[in-house]
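Report on the following structure.
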């Protein structure tokens, strides 16, 4: 009985040691991954910063104004002033679409017009 | 320890005499001894258990406390920039809509570890070829100095320069990563941003410190590692700042002015949308402070914030507002303006003779010094001082720039009756354009005190009531009439009714007195005049309009056309709808009558 207890304890110690060893390595691995991720983040942040600076630099008001001046022939952009605003009633109301005059009725009765001389056979089919 | 014998002779002999079994005595003593042993062993075990429990308890407490601490602290994400305990982090600065005004760019510094250098002389010569401004002989001397192990060569390198240094192939030349401050818009808003420099340098990082302006004022906020990723949002609006700068610099050239400044402020919240001071500089390459000449002529000088000037007639608005607010006069009260007004040896005169009497409104419209001086005679210096103090005009302007607190208004000492009279038309006391903007905002926005700010605010606590809302409505009408009937006729812009007051102050000379032909022209305007949303202050230093037969220096010919052009261009950008003049005037009249 006692030897069994010893055996189990020894096995448990070996097992725990293996587990601790593995955990240690996993932790170190995770730390390395984290460090490389941090470097990656830092690098990417640096690249984003470059893009942001470039975007801001290319869109700086001085340059945009120069571009507008250079391309005036194509764009015809001028500074917006009060004359560019309008009242809503300055816009013409769209004219109503042409509608069929239904109220007047459509003439459906009347003598059949003889357009050509060969309509005799169709007389019966014409319904009022 | 003396062991008690198991078989004490005395008791055994006694027992034998009485015919008892002496073995009983031995058994009894043995039992007592065992009992004693058991008791001491138990106590010892208990103590051990207690100690063990305490050790475990403290261990658990320690672990728990550490876990709690880890859970409670702010997660620190990046450690890359934090080596050597020098943080290169600095938050961005953006305008009110998130456009970048200042940010960081990765770059490298160049240093040399002399012990690792193979051929220091050649390295120095090659470096001299890449950087022509370097002193090759001095560099070589440093590289070969046996006492030196470490030499800083350059603080910043462009990628091309870095490649060129790589190509030298010298193993002792090393690159240290750096963050450098970049202002992508160049000179735009230079005086607000200020500039940055490197602080303490390490091999892996260098501190970025603010030098002036908002960079220096918000130093702690910008360098706070917890908020390094949140940009600092200013109240400036980049397109509007650009427009104001463009118009103002054009006007400065045409009018041959020494300097100019403009402040555009939200009349309700005090947010500064544009703050321009010309001449300006490039914060990416901030010039050194001037060592000679007048500091106020340096491009580094922020005229809008540091520039305290006698602003002249624009200050009449405060005198008239006080007279109206304290019930001394109404806009239609007649004031005696027969000139010159004598006070001791001093005479107060008007620019022209406007007749012997005028209404209070006319005093403003015609800008009569005698008129405001007479009103201030009634009020007196003490009440005037108290009134101006309420508007914050007797202290440094409260704006978030490092320069603001260092500049103070110049006040008369003692504040005599004569001082009160001259201050009523803007002489004898200095004011900065930014403080003036806040003062005008408070005058016209219904009478609530406005504190200027450079930070974007979503909501602003309502300021103290400094004048009655009724007085404010009267002031709006008076300022409107100054533009539409008086000295600021160039500010009539179709669609945007403007109210304002001109000021043309003689500049003080270096030896006391005032200079000839040197005028500081100011126009303080509010728009739209019937419902003021924005306040615009334009000042021009020694501007001259030479289009006429003789040079004209008054603000009506210099600062007013500038302000009008700025308003014409900026008002649509601010999203203001054009309003017919008649509608604005009927609204002004209704407001003034309602009170």
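The mean sequence distance of close C-alpha pairs (under 8 Å, at least 6 residues apart), as a share of the length of the stretch B:341-403, puts its relative contact order at 22 percent.
Against chain B, whose longest principal axis is taken from its Cα atoms, helix B:559-573 shows a tilt of about 60°. Spin-label pair residue B:39-residue B:351: with each label point 7 Å from Cα along the Cα-Cβ axis, the two points sit 11.3 nm from one another. If you look at the Cα atoms of the stretch B:488-595, you get an Rg and a Dmax of 16.2, 51 Å.
The distance separating the Cα centre of the stretch B:468-545 from that of the stretch A:32-51 comes to 54 Å.
Per the Kirkwood formula applied to alpha carbons, the stretch B:388-518 shows a radius of gyration over Rh ratio, Rg over Rh, of 0.99. Taking every residue in B:400-409 and counting other chain Cβ atoms within 10 Å of its Cβ, the average works out to 0.
Rounding to the nearest 10 and keeping the result within 0 to 90°, find how far the Cα-based axis of helix B:469-485 lies from the longest principal axis of chain B. Helix B:469-485 and the main axis of chain B meet at about 50 degrees.
Hey, with R₀ at 35 Å, roughly what FRET efficiency would residue B:406 and residue A:75 work out to, going by the Cβ-Cβ distance, to 0.05?
Values: r = 46 Å, r/R0 = 1.32.
Taking R0 as 35 Å, the efficiency between residue B:406 and residue A:75 is 0.15.
Separation of the stretch B:177-197 and the stretch B:369-387, taken as the distance between their Cα centroids, equals 46 angstrom.
Given R₀ = 41 Å, FRET efficiency for residue B:125-residue A:47 by Cβ-Cβ distance, to 0.05? Please report the intermediate quantities before stating the final value.
Values: r = 35 Å, r/R0 = 0.85.
It comes to 0.75.
Ranked highest first by the average count of other Cβ atoms within 10 Å around their residues, in what order do B:179-188, A:17-26 fall? Kindly include the intermediate steps, with their values, before the conclusion.
Values: B:179-188: 22.3, A:17-26: 10.0.
Going by the mean number of other Cβ atoms within 10 Å, highest first, we get B:179-188, A:17-26.
Could you work out the helix-only [θ] at 222 nm for the protein assembly as shown, with each DSSP H run of four or more residues adding -39,500 (n - 2.57) and the total divided by the number of residues, to the nearest 500 deg cm²/dmol?
On the way: 21 runs with 296 residues, N = 723.
One gets -13000 deg cm²/dmol as the mean residue ellipticity at 222 nm.
Kirkwood radius and radius of gyration were both taken over the C-alpha atoms of chain B, and their ratio Rg/Rh is 1.34.
Beyond 17 Å, what percent of the Cα pairs of the stretch B:153-197 remain? Please list the in-between numbers first.
Numbers: 479 of 990 pairs.
Summing the P(r) tail past 17 Å for the stretch B:153-197 gives 48 percent.
Averaged over residues, the count of other Cβ atoms within 10 Å places the peptides B:462-470, B:211-219, A:34-42 in the sequence B:211-219, B:462-470, A:34-42, highest first.
In nm, give the distance between the simple-model label positions of residue B:29 and residue B:547, each being 7 Å from the Cα along the Cα-to-Cβ direction. Going by the 7 Å Cα→Cβ label model, 13.3 nm. Distance between the 7 Å Cα→Cβ label points at residue B:224 and residue B:18: 9.1 nm. Pairwise Cα distances in the protein assembly as shown exceed 45 Å for 49 percent of all pairs.
For the stretch A:1-78, take N as its residue count and report Rg(C-alpha) divided by 2.2 N^0.38 Å.
Values: Rg = 31.9 Å, N = 78, 2.2 N^0.38 = 11.5 Å.
Against the compact-globule rule of thumb, the ratio is 2.77.
Under 1.5 on a/c is rounded, so check that first for the stretch B:193-243, then, if it is not, pick prolate when a/b is larger than b/c and oblate when it is not; a ≥ b ≥ c are the square roots of the alpha carbon gyration tensor eigenvalues. Prolate shape, in that a/c is at least 1.5 and a/b is the bigger ratio.
Per-residue Cβ counts within 10 Å, from other chains only, averaged over B:57-70: what number is that? It would help to have the intermediate numbers written out before the result.
On the way: counts 0, 0, 0, 0, 0, 0, 0, 0, 0, 0, 0, 0, 0, 0.
Taking all residues of B:57-70 together, the mean is 0.
Computed over the alpha-carbon pairs of the stretch B:327-398, the distance histogram in 10 Å steps reads 19, 42, 32, 8, 0 percent, short to long. On the basis of the beta-carbon distance and an R0 of 25 Å, residue B:52 and residue A:18 show a calculated FRET efficiency of 0.40. Placing one equal scatterer on every Cα of the stretch B:102-196 and applying the Debye formula, the log10 ratio I(q)/I(0) at q = 0.18, 0.22 Å⁻¹ is -0.80, -1.04. Across peptide B:96-107, the average count of Cβ atoms from other chains found within 10 Å of a residue's Cβ is 3.
Laboratory data are not the source of any read-out in this text; all were calculated from the coordinates shown. None of the values given here were measured: they were computed from a predicted structure. Note: ideal-geometry Cβ built from the backbone for every residue, glycine included; neighbour counts use all protein chains shown.
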